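Novice: Pasting in a structure now, in structure tokens, and then I'll have a few things to ask.
The numbers here are math on the coordinates, done by the rules we state, and not lab data. None of the values given here were measured: they were computed from a predicted structure. A quick note on method: Cβ atoms are made from the backbone with ideal geometry, for glycine too, and the neighbour counts reach across all protein chains shown.
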Amino acid sequence: MATLDHYLILSAILFCIGIFGLLTRRNAIGVLMSIELMFNSANINFIAFSKFITPEALTGQIFAVFVITVAAAEAAVGLAIVVLMYRNFDIVNVDNINFMKW
Amino acid sequence: MELPIFYILAAIIIVSALFVVTLRNIFHSALMLILCFFGVAGLYVTLHADFLAAVQVLIYVGAVTILMIFAVMLTQQLTGRKIQQLNDQPLPAALIILSLLILLIVSITRTGFEIADNLEPMPTVGTIGKAFMTTYVLPFEIVSVVLLVALIGAIVIARRE
Amino acid sequence: MIEYSYIIAFLPLLSYLLIVFFFSKNNKVAHTVSITAILASFVLSVIVFFEVLANHGPHIFEYEWISMPGFELPLSLYIDPLAAVMLLVVTIVSSCVHIYSVGYMHGDPRYPRFFSFLSLFSFSMLGLVISGTFFGTFIFWELVGLTSYLLIGFWFEKKVAADAGKKAFVTTKIGDLGFLAGLLILSAAAGTFNYSEVYHLIENNQIPVIFITAAGILMFCGAIGKSAQFPLHVWLPDAMEGPTPVSALIHAATMVAAGVYLTARIMSIIVVSHSAAITIAYIGGITALLAASIGLVQNDIKRVLAYSTVSQLGYMILALGCGGYTAGTFHLMTHAFFKALLFLGAGSVIHAVHTNDIQFMGGLSKKMPITSKTFFIASLSIAGIFPLSGFWSKDEIFATILHEGHWFLLVLAVLVAGMTAFYMFRLCFLTFTGKPRDEHAYEHAHESPNTMTYPLIFLAILAVCAGWVGIPWLHHGYASFVYFHHPHHPEPNFALMIIGTIVALAGIYLAYLMYYKRAIDPVKMAERFKPVYTFLFNKWYFDELYMGTVIRFTYWFMEVLFRFDQVVIDGFVNFCGKFGLFNSRIWMTFDVYVVDGAVNGAGYITRWFAGGLRRIQSGAVQNYAFVIFLGVVLLILFRMM
Amino acid sequence: MDFPILTYMIFIPLVGMVVVMTMRKEAHNAIRYTSSFFSLVVFVLSCILAIQYDSSIPDMQFVENVSWIPSLGINYFLGVDGISVPMLFLTGLLSFISIVASFGITNRVKEYFAFFLLLEVGMIGVFCALDFFLFYIFWEIMLVPMYFLIGVWGGPRKEYAAIKFFLYTLFGSVLMLVGIIALYFYAEPHTLNMMELIRRNSTYGYTFQLIVFAAFYVGFAIKVPAWPFHTWLPDAHVEAPTAVSVILAGVLLKMGTYGLMRISYPMFPEAAVYYSIPVALIGMIAIIYGAFVSMAQKDLKKLVAYSSVSHMGYCMLGLAALTTAGWAGCMYQMFSHGVLTGALFLLVGVLYDRAHTREIAAFGGIGAKVPLFTGIFVLFGMGSLGLPGLSGFVAEFMTFIGAFNSGYVYQWIVIVSILGVVLTAGYILRMVQNVFLGPLNTRWEGLTEINGRELFTVIPLAVLTILLGVWPKPLVSMISVSIDNIVKMITG
């Protein structure tokens, strides 16, 4: 029987992989994918907690639905930005985008 | 019985996730992402979250990833782009990630959660639906507005002048 | 009428305002308004005079001016016989001068302004006379000083005139400092400025003598300035740069006599305080001798008269210092008439020959009969020849000094009488007799117009007769009207009268020998006594002395202070600023020495850190995210420790 | 009275500022007339205030007290007494006059008038505020527009002058703030209500009084400016545009003495007695020193500026006396100096506009060319040197009498201070002579007479100075009851 800790550790690993991608992918779409991974790890957490701690209330699942919605929205806007960026600057690499520099 | 399934799913998820963040070809990454999402959906099933599993497949696999693939295809040629896909900080990042992971695992194992008594599976769709229409009606409406705004925003941003 | 006597003063003020605001362009209207006002004042003064004659008073009317809890500063009218006499003297001389000026100032571009100033002066002077508090006196005291300044500098395009005005104002102001200090002491000691209350307090010994003496001497300082007494006499001769009618009115007859008037007003102090009395008497005596000696050798007709004025004022002060209230004020009155006459006569001469220097005159009596006759009458009067007015007043002074027993001062006074006779007749002979020394000027000389000669004649009559009110054998007319406490009738002293007359005649005879007969050559005399002559000719070097000490010191000190201000005080301020700046640049830390040090310091620190930190700002989002997660790790670590 | 006249007086200029800011930049005349209209309204209100003010009551009148920040005990607390009303009147008058006198400004007109109106808000606020917080706010509000008015529209060394002014006065304000905070925490229960703090003045410890009095004193003395804190003044005056000089001399300097009268003295009576000799000495030094330094000046404006130092010395002397007469003299001097020096600055400005120089030596004999101007200038000069019949004399005399008869000041200090009178006469006459008298310098053949608008600005001041000199009763009775009340409270 898989315990709560199993799920949490899995989620932690997935989260860390997501962060790694976030920190290292040069491609903006890759970064977005990494972020999706992190969302998923959060969702796993939510649902695991929902299952193991408040089985009747289902609060975690409901929140997971909200997260999924926001993630979808994020993906839509993020990808739109990527497309725009590509069109205007002909690049999709985030480390080339450093206009915020001093 | 559940444990082996969990490990298999976990392996799928972790391996595909690693591929997602490391593969050079971004298109392959997207494909790996699909696999990863399927794994997560399976995990939901083991957690008796049937509704969520369905939503996961529908939205992530069916919508988000497809969107990503579209974006990939819009932004670069698919063939033969052997460019550097990682930036100059994979090593420090890996170090940070590892230490973070260790810390997380340590704190997870240290924490004593109050596990509920009743772990029996039960149907969730009805309960969730009721909750959305009663207790969480306001967040629900807001979230739909957020989606609408994001939709319009995306169109506005990506639209050709 | 007497309670409305302030109208006497306000009529000229009204005239001043009318001229300034409405008639500043119209010569005829201006002088008409001005003369009408002063004549009306004269008529009112006569009325007041007769009322006072009937009831000596003093008549006091008080008006609230400043009044607050614990502090009152009223103004008041104080009409006593002295004030009544002064009112008459001032209005008479002023009227004469007004009328005279119509002729004298004819054609001047600032003619209306001249009359407006004359009116303003008359207002101030009359106000001074009727004021019943020392404070009110001080106000008008300053105002006559102002008008004197304005009128001396009337032809301000001439630098000497402007300088003389300034000198007069500042010099008298120095004396006024004493007056002001005296007022302060009076306020502390008596708590009031009202004449009557102050007199009352002093006579009842309610004020310590030391305060009385201090207040008396300090207020007398004002008189020293205004009446051009030693050591502040230097401004009066220079003031002759003003138009001659002004010299006659302000600097001979009235304003300079204000000091004498004030001294008379502090008679109660003189009576009580012996040291104050002695001081005043000696200052008067010294001034009389000093000025007379300088007058012996001057060549400018007006300056000789100016020194004569100073000398005569010294007489009055001397008399007052000896307690001769009656004698001093009597001489003030007679002097006002004959000295005004002398000045107006001199003005007439100057008007004719366009020079002030007697070396370029001579023989003018043929061309200017009225002027020369009246001038001679006035000279006889001032020399003290029986029975002209000067004789009686001078005799009264001698008698007073003798009565007090100041033998030294008596000898001095008699000596001065001789000198006065000498220099006056030197002036007369050089101007009106002998051969003309400047033919050109002589050719163009002519008698002055009627507006100028009539006042001369009128004043000549007064110069002869005004003294008769004081003849001892005629019931002591003056002495029983203007007196201090009690009428004082010393027995006529024939010996003194004879001595005075002899000395005066001797002076006249000497002048006759030197400047008419030419029996003694003045030039040779000057050669023989060259050091004395030079010393006198240079007016005892007073101007040079003051120039070299007081004024030079003032200028030096002002420069020193200004440097100090620039270098030390401002330097310190700037140093603080610079030091602060320096500090904040070097240390980039708090700077407590400059006001904004804290603010600047914070700014500098921020910039310094930013200089290092901005390198981290790569602009690459992933670097930032990296740092964020580094932070997260550290936070968790910290939390778990 | 129901009509909150003080609030209106404070905020009408603010409204005016907003209106001016919304106007078109190029509409110079419209901006000028709008701002003069608003300041005229304030002036009319100040006249109404002066008429309505009941001078027989020593208490605060027209009081408005609304809770503002209750947690800190801060109130919107306004009120006036006999000290503030004349100052408000002066502020209203001089602001209006200065705005009219600024019509000649052509550079950044809109900003100039907006700043000017903001300045007026601060000045009026300071004279009305009875809550320390409010007082401090208004006090600081003034600094900003003043800084810009000097720094933008000033003369050649304007930046230096503006920064010096700003830093110096800010330094003073900081000390004042320290004092305010000390008072706030010392008083139990904590309050910023000035009236309340004055009422409790007997509870402050002696040492506390001495220290806080000194802090306040330096803060206000910088504004006065009392010797030796005066060196910002000549620089600021010389560089500032004419109208700003007028306000600076006419109103801003008075805030220092006003603060002393309103805050330092009533709140720390024992310290006031303790410090009366040093303050009187400072006054004496300022009188003599300022006069000497004025005499050394070659620039007309600088001369007038230093004469302000000398004249404000009389105020110090009068304050130190701690007598009704001395304080009334101080108050009278504040008013009279505002009028006289304001007018002198206006006149110097008139001359500068025509001649483009203020060098005394450059002139000479222009009295014959511009008689009317000369007459007016001499009038104010005479007022400045304390000629009887003009306002300065009454003030000086009351100050001297008050100080001499005070038990707190050595009498020799007063006697020495009298010297200032003759020194003042010296430098004023020297200046008059070198500028107006003597032969006409041919360079000024074309000099034109003072024009209508300029006359309009100085005539009210001339009338006022003569009126105050001849008939001091109205002003004296307006101030005397309040002053007597305060002085009695200090000396017990």
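Novice: Report, in deg cm²/dmol and to the nearest 500, the calculated mean residue ellipticity at 222 nm for the protein assembly as shown, where each DSSP H run with n ≥ 4 adds -39500 (n - 2.57) and the sum is divided by the residue count.
Specialist: Details: 58 runs with 984 residues, N = 1396.
Mean residue ellipticity, 222 nm, calculated: -23500 deg cm²/dmol.
Novice: While we're looking at this one, here's another question. What percent of all Cα-Cα pairs in chain A falls into each 5 Å bin, going from 0 up to the bin containing the maximum distance?
Specialist: Whole-percent P(r) values from 0 Å outward: 3, 13, 17, 18, 16, 12, 9, 6, 4, 2, 0.
Novice: Taking the Cβ of C:N299 as the centre, find all other residues whose Cβ is under 15 Å away and add up their charges (Lys, Arg: +1; Asp, Glu: -1). Write out the running numbers ahead of the final one.
Specialist: On the way: positive: C:K302, C:R303, C:R426, C:R437, C:K539; negative: C:D300, C:D357, C:D438.
So the surrounding residues net to +2.
Novice: Another question about this same structure. Scattering from the C-alpha atoms of the range D:293-485 alone, worked out with Debye: what is log10 I(q)/I(0) at q = 0.09, 0.16, 0.20 1/Å?
Specialist: Debye intensities relative to I(0), on a log10 scale: -0.35, -0.95, -1.31.
Novice: What do you get when you divide the Cα radius of gyration of the range B:1-79 by 2.2 N^0.38 Å, with N the number of residues?
Specialist: Numbers: Rg = 13.8 Å, N = 79, 2.2 N^0.38 = 11.6 Å.
Ratio of Cα Rg to 2.2 N^0.38 Å: 1.19.
Novice: Give me the lysines in straight-line cross-link reach of C:K367: C-alpha distance below 27 Å, same-chain residues under 8 apart excluded.
Specialist: Result set, ordered by chain and number: C:K302, C:K339, C:K435, C:K517.
Novice: If you don't mind, another one. Got a sec? How would D:F456, D:F400 order by Cβ neighbour count within 10 Å, fewest to most? Can you show the working numbers first?
Specialist: Numbers: D:F456 12, D:F400 27.
So the residues, fewest neighbours to most, are D:F456, D:F400.
Novice: What number does the protein assembly as shown give for Rg over Rh if you use C-alpha atoms and the Kirkwood radius? Before the final figure, lay out each step's value.
Specialist: Numbers: Rg = 47.2 Å, Rh = 38.3 Å.
Reported Rg/Rh, Kirkwood definition of Rh: 1.23.
Novice: Count the lysine pairs in chain D whose Cα atoms lie under 27 Å apart, taking only pairs 8 or more positions apart in sequence or on different chains.
Specialist: For chain D, qualifying lysine pairs total 29.
Novice: I've got another one for you. At a temperature of 25 °C and a viscosity of 0.890 mPa s, determine how fast chain D diffuses translationally according to Stokes-Einstein, using the Kirkwood radius over alpha-carbon pairs as Rh; express D in µm²/s, rounded to the nearest whole number.
Specialist: Numbers: Rh = 22.4 Å.
Reported coefficient: 110 µm²/s.
Novice: Also, I was wondering about something else. With label points built 7 Å along Cα→Cβ from the Cα atoms of D:E449 and C:F408, find their separation and express it in nm.
Specialist: Going from the D:E449 label point to the C:F408 one covers 6.1 nm.
Novice: Debye calculation, C-alpha points only, no solvent: report log10 I(q)/I(0) for the range C:53-177 at q = 0.16, 0.19, 0.21 Å⁻¹, in the same order as the q values.
Specialist: Debye intensities relative to I(0), on a log10 scale: -0.92, -1.11, -1.21.
Novice: Could I ask something else about it? Can you list the aspartates and glutamates whose alpha carbon sits under 20 Å from that of C:K539, skipping same-chain ones fewer than 8 residues off?
Specialist: Of all the aspartates and glutamates, those that pass the test against C:K539 - Cα under 20 Å, at least 8 places apart if same chain - are C:D163, C:D238, C:E241, C:D300, C:D357, C:E527.
Novice: Follow-up. Would you mind getting me the FRET efficiency between C:V627 and D:V18? Use the beta-carbon distance for r and R0 = 60 Å, nearest 0.05.
Specialist: Details: r = 46 Å, r/R0 = 0.76.
Using R0 = 60 Å, I get an efficiency of 0.85.
Novice: Could you list D:V218, C:V304 so that the one with the fewest beta carbons within 10 Å of its beta carbon is first and the one with the most is last?
Specialist: On the way: D:V218 16, C:V304 27.
Least to most surrounded, the residues fall as D:V218, C:V304.
Novice: What's the exposure ranking of D:I287, C:I139, A:I9, C:I79, going from fewest to most Cβ atoms within 10 Å? Please list the in-between numbers first.
Specialist: Details: D:I287 30, C:I139 24, A:I9 17, C:I79 27.
So the residues, fewest neighbours to most, are A:I9, C:I139, C:I79, D:I287.
Novice: Assuming R0 = 45 Å, can you tell me the calculated FRET efficiency for the pair C:R639 and C:V567, based on Cβ-Cβ distance, to the nearest 0.05? Walk me through the numbers before you get to the answer.
Specialist: Numbers: r = 63 Å, r/R0 = 1.40.
Approximately 0.10, to the nearest 0.05.
Novice: Sticking with this structure for a sec: To the nearest 0.05, how large is the calculated FRET efficiency for C:H274 and C:L17 if R₀ is 41 Å and r is the Cβ-Cβ distance?
Specialist: On the way: r = 47 Å, r/R0 = 1.15.
Plugging the Cβ-Cβ distance into 1/(1 + (r/R0)^6) gives 0.30.
Novice: Given labels modelled 7 Å from the Cα in the Cβ direction, how far is it in nm from C:E3 to B:T111?
Specialist: Output for this residue pair reads 10.6 nm.
Novice: At 7 Å along the Cα-to-beta-carbon direction for both B:V45 and D:R200, put a label point, then send me their distance in nm to one decimal.
Specialist: 7.8 nm
Novice: How long, wide and thick is chain C, going by the Cα atoms along their three principal axes, in whole angstroms, largest first?
Specialist: Between the extreme Cα coordinates on each principal axis of chain C lie 128, 63, 53 Å.
Novice: Using 0.36 nm per residue of separation minus the Cα-Cα distance, give me the extension gain between D:A355 and D:I466 in nm, one decimal.
Specialist: Values: separation 111, 0.36 × 111 = 39.96 nm, distance 2.86 nm.
Taking 0.36 nm per residue and subtracting the Cα distance, the gain is 37.1 nm.
Novice: Beta carbons within 10 angstrom, averaged per residue: use that to sort the peptides C:569-581, D:74-86, D:300-312, highest first.
Specialist: Details: C:569-581: 15.9, D:74-86: 22.9, D:300-312: 26.9.
Ranked by mean Cβ neighbours within 10 Å, highest first: D:300-312, D:74-86, C:569-581.
Novice: While we're on this one: Can you tell me the 0 to 90 degree angle between the C-alpha axis of helix D:300-321 and the longest principal axis of chain D, rounded to 10?
Specialist: Once rounded, one gets 30 degrees.
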